[in-house]
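Quick note: the coordinates plus some simple rules give every number you see, no bench work behind them. Everything numeric in this text was worked out from a predicted model, so none of it was measured. As a convention, Cβ positions derive from the backbone with ideal geometry for all residues, glycine included, and neighbour counts pool all protein chains shown.
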């Protein structure tokens, strides 16, 4: 009887000349998401192109609205960032059995709400940043055995709470930045043998705490942004042989300890934005031959210091934003033949020295900013035929000047 009904409905649809859809209810739910100001993404390669991702960030869906998402049986990603989702709303998510990635970033959560997440057994990535959760709340997540990525950034988690994380043995990425975790609690991280990414951005972390990280042999990305780590503590990182990206921004690191990083042959990205790094300290970067990305924005680096970057032949991305660099210093960047992206916003650079950068044949992206950048300076870029993107921030360039430059560089996208 059921087969007959299906055939009858199909025949009816064909007679009416309408395309056959797998699920009209899904279309209705898509319309609801869009009405709320959200976005959906479909799997274009799968039959019927099912919805696999829903973004409702910064919208205000009700519990009833979220219940309508149950028709998306192939939904794997849901973004509820800053939505104010209630406990009832979280309960409505229980029907999304295939959900793998969920963001509740900035959404205040309760014990009851967190308990509802336990039904999402296939969840592999969970963002709980700025949700206000505390140590006891983590117990409610113990059922999520497949969790590989967890962000607790900006929450009230303490050293005691880290013990509850032992249930997540498969964690590969963990963010504890902005929490109340101290050096003492970091010893609890030793059990996470699969951890590849760790964010400890917090002034509560010091050199002493870095000793607890030596067991994390698979770590490839480490953020120590805004910690109290100094040059002295860098020697503890030598044990992390697979480290590829290190963030030391806004720390007291001067560079005298960079020699300790020489053993990190996989290190390709180093962020020193706002750090206390000095010209003398930059000499310590010479052994880091694998570096491809270096951020020196907001440091006290001067023209005279740029010559210390010459040994870094593999650099492709360099940021010198908000430094005292001037046109005079640009000549020392010509040794970096592999540079593809250079940021010089809010420096003393006016453009008079741009002609020296023409030697950088691989340069495709350039960022400039500040009142020293005028039409006269931008004219110097007319011969930079390989530029594909020029980003300008609060410059004195006029529309006429930009139009002239655009004519000279038709393949370059000018963003202001």
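Once both axes come from the Cα atoms, what is the angle between helix 24-35 and the longest principal axis of the chain, in degrees from 0 to 90, rounded to 10?
With both axes taken from Cα atoms, the answer is about 40 degrees.
Starting from the Cα of residue 348, move 7 Å in the Cα-to-Cβ direction to define the label point; list residues of the range 293-319 whose amide nitrogen is under 12 Å from there.
301-305
Pairs of alpha-carbon atoms within less than 8 angstrom and 6+ residues apart define the contacts here; what relative contact order does the chain have, in percent?
6
Over 16 Å apart: what share of the alpha carbon pairs of the range 221-318 falls there, rounded to a whole percent?
In whole percent, the share of Cα-Cα pairs in the range 221-318 beyond 16 Å is 49.
Can you grab the distance from the C-alpha centre of the range 282-334 to the C-alpha centre of the range 53-112, Å, no decimals?
So the separation of the two Cα centres works out to 45 Å.
If I histogram all Cα-Cα distances within the chain using bins 20 Å wide from 0, what percent of pairs lands in each bin?
23, 41, 32, 5, 0
How much FRET efficiency would the formula 1/(1 + (r/R0)^6) give for residue 398 and residue 331, where r is the Cβ-Cβ distance and R0 is 41 Å, rounded to 0.05?
0.90
May I ask you to compute the full-extension gain from residue 314 to residue 358, defined as 0.36 nm times their residue separation minus their alpha-carbon distance, rounded to one decimal in nm?
14.0 nm
Modelling each spin label as a point 7 Å along the Cα-to-Cβ direction, I'd like the residue 414/residue 24 distance in nm, to one decimal.
If labels sit at residue 414 and residue 24, their model points lie 5.3 nm apart.
Which residues among the range 105-123 fall inside the zone where the amide N is under 16 Å from a point 7 Å beyond the Cα of residue 136, along Cα→Cβ?
109-115
If you take the Cα atoms of the range 267-309, find Rg, then find the Kirkwood Rh from the mean of 1/r over all pairs, what is Rg/Rh?
Taking Rh as the inverse mean 1/r over Cα pairs, Rg/Rh reads 0.92.
Give me the mean projected area, in nm² to one decimal, of the convex hull enclosing the Cα positions of the range 286-359.
4.2
How much length, in nm to one decimal, is gained on full extension between residue 95 and residue 158, taken as 0.36 nm per residue of separation minus their Cα-Cα distance?
Length gained, residue 95 through residue 158: 19.5 nm.
Evaluate 2.2 N^0.38 Å with N set to the residue count of the range 107-230, then give the Cα radius of gyration divided by it.
0.99
Any idea what diffusion coefficient the range 193-254 gets from Stokes-Einstein, in µm²/s, Kirkwood Rh on alpha carbon pairs, 25 °C, 0.890 mPa s?
It comes out at roughly 216 µm²/s.
Relative to the longest principal Cα axis of the chain, at what angle does helix 2-15 sit, 0 to 90 degrees, rounded to 10?
Compared with the principal axis, the helix lies near 60 degrees.
Express in % the proportion of alpha carbon pairs of the range 292-416 at distances exceeding 20 Å.
Counting pairs separated by more than 20 Å, the tail of P(r) holds 35 percent.
Note down the relative contact order for the range 21-181 as a percent, whole number, built from C-alpha pairs under 8 angstrom at least six residues apart.
Over the range 21-181, the number comes to 14 percent.
Describe numerically, in nm with one decimal, the distance between label points set 7 Å from Cα along Cα→Cβ at residue 307 and at residue 385.
3.4
Would you mind ranking 301, 205, 191, 415 by Cβ crowding within 10 Å, fewest neighbours first?
Lowest count first: 415, 191, 301, 205.
Please give the per residue volume of the convex hull enclosing the alpha carbon atoms of the range 21-181, rounded to a whole number of Å³.
In the range 21-181, the Cα convex hull volume per residue is 96 Å³.
Residue separation times 0.36 nm, minus the C-alpha to C-alpha distance between residue 49 and residue 266: what's the value?
74.1 nm
Label residue 122 and residue 211 with points 7 Å out from Cα along Cα→Cβ: what is the distance between them in nm?
Simple spin-label model gives 4.6 nm for this pair.
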